[in-house]
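Report on the following structure.
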Amino acid sequence: MIKPLPKIVDLSEVEPNTRRGGDLRAMLTPTTVGATSGFMGVAIIRPGDRIGEHYHPYSEEFVYVACGQLEVDLDGEPHPLRPEQGLMIPMNMRHRFRNVGNVEARIVFHLGPLAPRPALGHVDTEETEAVATEPAEREQVRS
């Protein structure tokens, strides 16, 4: 049996996904590190931006707020989320994140177990217009 090797992935190595709002970076995944039980990433949400409503039919989602002020709608009911808070979202629960503060918000998320195929793991329940962010602008926001 081949023993898996640990692998470090830097945020800058992962392409941003802005299709659903925010800047989502799936960092530790089956593709990037050979994960078999779930995946972990970071969401960067600018003031006034959001991650559109969706749900995960095969996975629970665990969220940790690193910085910023957010509201999360859980099956349509809003809840405040502040730095250093964690949230567990059960399978099939619709959720949407909104940055309600005036600074960039960052959340770390983990989903598990994995869906049978990646395309089955995420179901959008609303359209979200992606916010274009230039690389230089992202670097300025991080500083």
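A few notes on this one:
- When restricted to residues that are open to solvent by 40 Å² or more (accessible area, probe 1.4 Å), in contact (Cβ under 8 Å) with a residue 24 or more places away in the chain and touching a Pro at 6+ places or on another chain (Cβ under 9 Å), the range 27-43 contains 6.
- Residue in the range 114-127 that is modelled with pLDDT of 95 or more, touching a strand residue (DSSP E or B) at 6+ places or on another chain (Cβ under 6 Å) and buried (at least 18 other Cβ atoms within 10 Å of the Cβ) present: no
- Pairs with Cβ under 6 Å, 6+ apart, first in the range 44-60 and hydrophobic (A, V, I, L, M, F, W, C), second open to solvent by 20 Å² or more (accessible area, probe 1.4 Å) and modelled with pLDDT of 95 or more: Ile44/Arg106
- Residues that are part of a strand (DSSP E or B) and under 18 Å from Leu111 (Cα atoms) within the range 74-91 comprise Leu74, Gly86, Leu87, Met88, Ile89, listed in sequence order.
- Search result, residues across the range 68-113 that are open to solvent by 70 Å² or more (accessible area, probe 1.4 Å) and farther than 28 Å from Gly34 by Cβ: Gln69, Asp75, Glu77, Pro78, Pro80, Arg82, Glu84, Gln85, Arg94, Val100, Asn102, Val103
- Conditions (1) among the β-branched types (Val, Ile, Thr); (2) surrounded by fewer than 20 Cβ atoms within 10 Å (Cβ to Cβ); (3) touching a Leu at 6+ places or on another chain (Cβ under 6 Å); number of the one not met by Val63: (2)
- Only one of Lys3, Lys7 that is surrounded by fewer than 19 Cβ atoms within 10 Å (Cβ to Cβ) and touching a helix residue (DSSP H, G or I) at 6+ places or on another chain (Cβ under 7 Å): Lys7
- Hits in the range 1-26 (condition: basic (Lys, Arg) and touching a residue at least 60 places away in the same chain (Cβ under 8 Å)): Arg19, Arg20
The values are calculated or read from the model by the stated rules, or taken from the named source; none is laboratory data. Note that the coordinates shown come from a computational prediction; the quantities given were computed from them, not determined experimentally. Reconstructed Cβ throughout: ideal geometry from the backbone, glycine too, with neighbour counts over all protein chains shown. Heads up: the accessible areas ignore ligands, DNA and RNA and are worked out on the full protein's heavy atoms, side chains in. Shrake-Rupley method; radii C 1.70, N 1.55, O 1.52, S 1.80 Å.
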